[in-house]
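To keep things clear, I will list the structure first and then write my remarks on it.
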Amino acid sequence: MTDAPTTLDALFAAAVAARERAYAPYSGFTVGAALITPDGAIHAGCNVENAAYPVGACAEAGAISAMVAGGGRRIAAMLVVAGGEGLCTPCGACRQRIREFAAPDTPVHVAGPEGLRRSFTLEQLLPASFGPDVLDAARSAP
Ligand code: THU
């Protein structure tokens, strides 16, 4: 679940840059997320809020959309950065979004503006999860 420092540094830089462009006028809580695919491509996203509050989107969702639009299909590692004292772990819905494109041992790093705070595996964040493999197994069942 560890990543080479260079990968972590690159994810952190991309997430921080995306966070600087976040649109969060309602919560004031800006978030950046960056992921790396197995071939080394990095995609980033930021939260984009909306006057109709529930329509807002998380930073992780933006990073995943950028990956898919860029032709990527697998997340090798992800990093989320936000401010404040707490840990900005992905929300429940985003854990499921990450699950679609990641493995149980995929690292999900959580950072503050000063740097890395804690690293998790996806399995730690979303145990006993439902994913595409469950559907595949059901389709091939008698
Ligand atoms: N948010 C994210 O973008 N990612 C997270 O992991 C947690 C929360 C956003 C959603 C909303 O725009 C703001 O942070 C406050 O919840």
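The values are calculated or read from the model by the stated rules, or taken from the named source; none is laboratory data. These numbers were taken from a predicted model, which means no experiment stands behind them. Quick reminder, even Gly has a Cβ in these numbers, built from the backbone with ideal geometry, and neighbours come from all protein chains shown. SASA here: full protein model, heavy atoms, side chains in, ligands and nucleic acids out. Shrake-Rupley method; radii C 1.70, N 1.55, O 1.52, S 1.80 Å.
Before we move on, is Ala24 without any contact (Cβ under 8 Å) to a residue 60 or more places away in the chain and within 10 Å of the ligand (Cβ to nearest atom)?
Working: without any contact (Cβ under 8 Å) to a residue 60 or more places away in the chain: yes; within 10 Å of the ligand (Cβ to nearest atom): yes.
Yes.
Looking at Gly56, Gly40, can you tell me which residue is closer than 23 Å to Leu126 by Cα and either open to solvent by less than 50 Å² (accessible area, probe 1.4 Å) or without any contact (Cβ under 8 Å) to a residue 24 or more places away in the chain (or both)? Spell out the reasoning first.
Values: Gly40 fails: closer than 23 Å to Leu126 by Cα.
The unique qualifying residue is Gly56.
Just one of Ile75, Ile98 is open to solvent by less than 40 Å² (accessible area, probe 1.4 Å), in contact with a Phe, Trp or Tyr (Cβ under 7 Å, 6 or more places away or on another chain), within 16 Å of the ligand (Cβ to nearest atom) and not in a strand (DSSP E or B); which is it? Write out each step before concluding.
Working: Ile98 fails: in contact with a Phe, Trp or Tyr (Cβ under 7 Å, 6 or more places away or on another chain).
On inspection, the qualifying residue turns out to be Ile75.
Going by the structure shown, is Cys88 out of contact with any Ser or Thr (no Cβ under 7 Å at 6 or more places or on another chain), within 15 Å of the ligand (Cβ to nearest atom), within 20 Å of Ala18 (Cβ to Cβ) and part of a loop (DSSP other than H, G, I, E, B)? Please lay out each step first, then the result.
Values: out of contact with any Ser or Thr (no Cβ under 7 Å at 6 or more places or on another chain): yes; within 15 Å of the ligand (Cβ to nearest atom): yes; within 20 Å of Ala18 (Cβ to Cβ): yes; part of a loop (DSSP other than H, G, I, E, B): yes.
The answer is yes for Cys88.
Scan the stretch 53-72 for residues that are part of a loop (DSSP other than H, G, I, E, B) and either within 20 Å of Ala103 (Cβ to Cβ) or more than 12 Å from the ligand (Cβ to nearest atom) (or both) and jot them down.
Keep residues of the stretch 53-72 that are part of a loop (DSSP other than H, G, I, E, B), which gives 56, 58, 70-72.
Gly70, Gly71, Gly72 - these are the residues of the stretch 53-72 that are part of a loop (DSSP other than H, G, I, E, B) and either within 20 Å of Ala103 (Cβ to Cβ) or more than 12 Å from the ligand (Cβ to nearest atom) (or both).
Kindly indicate the residue of the stretch 101-129 that is in a loop (DSSP other than H, G, I, E, B), in contact (Cβ under 8 Å) with a residue 12 or more places away in the chain and open to solvent by 50 Å² or more (accessible area, probe 1.4 Å) and also farthest from Leu35 (Cα to Cα) among those meeting that condition.
Checking each candidate, the answer is Pro113.
Are any of the residues in the stretch 6-21 assigned to a strand (DSSP E or B), touching a residue at least 40 places away in the same chain (Cβ under 8 Å) and at negative phi?
No, the stretch 6-21 contains no residue that is assigned to a strand (DSSP E or B), touching a residue at least 40 places away in the same chain (Cβ under 8 Å) and at negative phi.
Can you confirm whether Asp39 is more than 9 Å from the ligand (Cβ to nearest atom) and within 17 Å of His109 (Cβ to Cβ)?
Working: more than 9 Å from the ligand (Cβ to nearest atom): yes; within 17 Å of His109 (Cβ to Cβ): no.
So Asp39 does not fit the description; no.
Taking the conditions exactly as written (near the ligand (Cβ under 9 Å from one of its atoms), surrounded by fewer than 20 Cβ atoms within 10 Å (Cβ to Cβ) and either more than 21 Å from Gly92 (Cα to Cα) or modelled with pLDDT of 95 or more (or both)), does Glu49 satisfy them or not?
For Glu49, the condition - near the ligand (Cβ under 9 Å from one of its atoms), surrounded by fewer than 20 Cβ atoms within 10 Å (Cβ to Cβ) and either more than 21 Å from Gly92 (Cα to Cα) or modelled with pLDDT of 95 or more (or both) - is met.
With respect to Ala141, determine if the residue is closer than 15 Å to Leu11 by Cα and among the aliphatic types (A, V, I, L, M). Quick ask: steps written out before the conclusion?
Numbers: closer than 15 Å to Leu11 by Cα: no; among the aliphatic types (A, V, I, L, M): yes.
For Ala141, the condition - closer than 15 Å to Leu11 by Cα and among the aliphatic types (A, V, I, L, M) - is not met.
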